[in-house]
1. Pull out the extension gain between residue 129 and residue 40, defined as 0.36 nm times the separation in residues minus the alpha carbon to alpha carbon distance; nm, one decimal.
2. Could you state the principal axis extents of the C-alpha atoms in the chain, from the largest down, to the nearest angstrom?
3. If you take every residue apart from residue 117 with its C-beta less than 15 Å away from the C-beta of residue 117, what net charge results, scoring Lys and Arg +1 and Asp and Glu -1?
4. Take residue 91 and residue 27, extend 7 Å from each Cα along the Cα→Cβ direction, and tell me the distance between the two endpoints in nm.
5. Per residue, how large is the accessible surface of the chain? Use a 1.4 angstrom probe and give square angstrom.
6. Using R₀ = 30 Å, calculate the FRET efficiency as 1/(1 + (r/R₀)^6) where r is the Cβ-Cβ separation of residue 53 and residue 20; round to 0.05.
7. Assign unit charges at the C-beta atoms only (+1 for Lys and Arg, -1 for Asp and Glu), then state the dipole size of the chain relative to its Cα centre in Debye, rounded to the nearest 20.
8. Return the loop-located GluC sites (Glu not before Pro) in region 51-129 (DSSP other than H, G, I, E, B) with at most 11 other Cβ atoms within 10 Å of their own Cβ; answer none if there are none.
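The values are calculated or read from the model by the stated rules, or taken from the named source; none is laboratory data. Since this is a predicted model, take the numbers as computed values, not measurements. Here the Cβ is made from the backbone with ideal geometry for all residues, glycine too, and neighbour counts use every protein chain on show. Please note that ligands, DNA and RNA were not included when accessible areas were found on the heavy atoms of the full protein model with its side chains. Shrake-Rupley method; radii C 1.70, N 1.55, O 1.52, S 1.80 Å.
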Amino acid sequence: MTSHARGTFEIDLRPADPELSGRVGRFEFDKTFIGGIEGTSTGLMLSAGDPSSGEAGYVALEVVTGQVDEAVGSFALQQFGQMIDGTQKLLYEIVPGSGTGELKGISGTLELEIVDGLHRYDLEYVLHH
């Protein structure tokens, strides 16, 4: 059965030492989730391209620890983002096999909407027990 966990998160994104002789940007981040997900995450982002011209891409992995609705545990999220001619595309999914505790077997996708700097999420997920 598919469920939805909705809410907001705050993110603290920090630049770290770049990779590949400076051609790939590296960022570390922490998030605090409120709503259907209650908890925190820690992650790593790698980026390339030229965001100022509207052409760039990034990948990120983060581990979320806390609870989704009433289930307690952790899981990883994988992000694939691109900006082409200033238009953004984002694929944001739960990493298969990453669930622990009561979240073991979780799968799904996360939809993200940013309005006036507020990050709103909708995690559509299934718990396979």
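1. The residue 129-residue 40 span can extend by a further 29.7 nm.
2. Dimensions of the chain along the principal axes of its Cα atoms: 44, 28, 22 Å.
3. Its environment carries a net charge of -2.
4. That separation, rounded to one decimal, is 2.0 nm.
5. Ligands and nucleic acids excluded, the result is 59 Å² per residue.
6. Efficiency for this residue pair is about 0.90.
7. The calculated dipole for the chain is roughly 240 debye.
8. Values: sites: 55, 62, 70, 93, 102, 111, 113, 124; in loops: 70, 102.
Answer by residue number: 70.
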